[in-house]
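The values are calculated or read from the model by the stated rules, or taken from the named source; none is laboratory data. What you see is a predicted model; the values in this text were computed from it and never measured. Positions of Cβ are generated from backbone atoms using ideal geometry, with glycine treated the same way; all protein chains shown enter the neighbour counts.
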Amino acid sequence: MIIAVDGPAASGKGTIAKALGRHYGLPVLDTGLLYRAVGLAVLKTGGDPDHEADALAACTFKDAVLTEPALRSEAVGSLASRVSIHQSVRQALIKRQRDFATQPGGAILDGRDIATVIAPDADAKIFVTASVHVRAQRRYQDALSHGGHPDMDSLIADIQARDTRDMSRDHAPLRVADGADLLDTSNLTIDAAVQQAIAMVDAQLERRRKG
Ligand code: DC
């Protein structure tokens, strides 16, 4: 079975995807890491993330890059969003994601276009969202706990810029797929959000079983 989890930055989709992975015993791919690896590679080689040829050349990164802590920074998230608008970059990363999705036994993928492009026939689809303020607050707490000195206004501006770019790009823009359930985590604890996600997946699987 394939479970697709999509949503904007800091919506909680990664946490939910991992919890679903534990619940259903399925492997999870955070597809944002692939775009982050491309963004980081462009940065390291001194390329221009807005230049399609530079971004495409960076798609040959090694798997080991996917575990680099540097991938997790907001700066690399923003670079990832910029390289992800290029159609050739998206194409270069498709096979890896589809191979993961179709592995025997099933899989969970989280990202922006899983239910719309990568696995439109997924058995269950969830779109995780939260208000911009709540998402910025999560980033703020996260940065504080890592010894950072975050600025709330710039976090809000970064999230809004990323939302706008991810939702308005020409290729595979972020949107709620047909048949996806919307899960707003703004006022939910992690446990409550996970319980709702499991209930949504179970209900979608049941509906499919009944045809
Ligand atoms: O989920 P994330 O914040 O790690 O993603 C970083 C960026 O990568 C995101 O702003 C847009 C891009 N991305 C994408 O275009 N498609 C995906 N399936 C996953 C991420």
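Which numbered condition in (1) at pLDDT 95 or above; (2) out of contact with any helix residue (DSSP H, G or I) (no Cβ under 8 Å at 6 or more places or on another chain); (3) part of a helix (DSSP H, G or I) is the only one that G105 fails?
Status for G105: all satisfied but (3).
So, L71, is that one farther than 28 Å from I198 by Cα, of a type in the set (A, V, I, L, M, F, W, C) and within 11 Å of the ligand (Cβ to nearest atom) or not?
Working: farther than 28 Å from I198 by Cα: yes; of a type in the set (A, V, I, L, M, F, W, C): yes; within 11 Å of the ligand (Cβ to nearest atom): yes.
Yes.
Restrict the check to segment 44-54 and report whether at least one residue is more than 17 Å from the chain's Cα centre (by Cα) and among the β-branched types (V, I, T).
First, pick out the residues of segment 44-54 that are more than 17 Å from the chain's Cα centre (by Cα): 44-54.
Still in the running and among the β-branched types (V, I, T): 45.
Yes, the conditions are met somewhere in segment 44-54.
Got a sec? Which of I126, I114, I118 is away from the ligand (no atom under 13 Å from the Cβ), crowded, with 23+ Cβ neighbours inside 10 Å and under 15 Å from the mean Cα position of the chain (by Cα)?
Exactly one residue qualifies, and that residue is I126.
Of the numbered conditions (1) without any contact (Cβ under 8 Å) to a residue 12 or more places away in the chain; (2) in a loop (DSSP other than H, G, I, E, B); (3) within 16 Å of the ligand (Cβ to nearest atom), D142 fails exactly one; give the number of that condition.
With (1) without any contact (Cβ under 8 Å) to a residue 12 or more places away in the chain; (2) in a loop (DSSP other than H, G, I, E, B); (3) within 16 Å of the ligand (Cβ to nearest atom) applied to D142, the lone miss is (2).
Let's see how each residue does on (1) within 27 Å of I85 (Cβ to Cβ); (2) assigned to a helix (DSSP H, G or I):
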position	(1), (2)
L155	yes, yes
Q160	yes, yes
D170	yes, no
G179	yes, no
L182	yes, no
M200	no, yes
Q204	no, yes
R208	no, yes
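Answer yes or no as to whether R98 is among the charged types (D, E, K, R), crowded, with 17+ Cβ neighbours inside 10 Å and either without any contact (Cβ under 8 Å) to a residue 60 or more places away in the chain or within 14 Å of the ligand (Cβ to nearest atom) (or both). Steps first, please.
Numbers: among the charged types (D, E, K, R): yes; crowded, with 17+ Cβ neighbours inside 10 Å: no; either without any contact (Cβ under 8 Å) to a residue 60 or more places away in the chain or within 14 Å of the ligand (Cβ to nearest atom) (or both): yes.
Answer is no for this residue.
Which numbered condition in (1) near the ligand (Cβ under 9 Å from one of its atoms); (2) outside any loop (DSSP other than H, G, I, E, B) is the only one that A92 fails?
So the condition that A92 fails would be (1).
Starting from residues that are under 14 Å from the mean Cα position of the chain (by Cα) and surrounded by fewer than 17 Cβ atoms within 10 Å (Cβ to Cβ), keep the ones in segment 166-191 and report whichever is farthest from T129 (Cα to Cα). Even if it seems obvious, please write down each step before you answer.
Kept after step one, since they are under 14 Å from the mean Cα position of the chain (by Cα), are these residues of segment 166-191: 166-167, 172-176.
Then keep just the ones that are surrounded by fewer than 17 Cβ atoms within 10 Å (Cβ to Cβ); that gives 167, 173, 175-176.
Details: M167: 13, P173: 15, R175: 11, V176: 10 Å.
Of everything passing the filter in segment 166-191, P173 is farthest from T129 (Cα to Cα).
What do you reckon, is T129 of a type in the set (S, T, Y) and in contact with a strand residue (DSSP E or B) (Cβ under 8 Å, 6 or more places away or on another chain)? Walk me through how you get there before you give the answer.
Numbers: of a type in the set (S, T, Y): yes; in contact with a strand residue (DSSP E or B) (Cβ under 8 Å, 6 or more places away or on another chain): yes.
Spelling it out, T129 is indeed of a type in the set (S, T, Y) and in contact with a strand residue (DSSP E or B) (Cβ under 8 Å, 6 or more places away or on another chain).
For segment 192-205, what are the residues that are more than 12 Å from A130 (Cα to Cα), in contact (Cβ under 8 Å) with a residue 24 or more places away in the chain and either loosely packed, with under 15 Cβ neighbours inside 10 Å or among the aliphatic types (A, V, I, L, M) (or both)?
Let us first name the residues in segment 192-205 that are more than 12 Å from A130 (Cα to Cα), namely 192, 194-205.
In the following step, the residues that additionally are in contact (Cβ under 8 Å) with a residue 24 or more places away in the chain were identified as 194, 197-198, 200-201, 204-205.
Listed by number, the residues that qualify are V194, A197, I198, M200, V201, L205.
Within segment 11-58, which residues are within 14 Å of the ligand (Cβ to nearest atom) and among the small types (G, A, S)?
S11, G12, G14, A17, G32, A37, G39, A41, A55, A58
Might you check whether a residue that is of a type in the set (S, T, N, Q), in a helix (DSSP H, G or I) and over 26 Å from T116 (Cβ atoms) occurs anywhere in segment 62-78?
Initial filter on segment 62-78 (of a type in the set (S, T, N, Q)): 67, 73, 78.
Keeping just the survivors that are in a helix (DSSP H, G or I) gives 67, 78.
Imposing the further condition that a residue be over 26 Å from T116 (Cβ atoms) reduces the set to 67.
So far as segment 62-78 goes, yes, one or more of its residues are of a type in the set (S, T, N, Q), in a helix (DSSP H, G or I) and over 26 Å from T116 (Cβ atoms).
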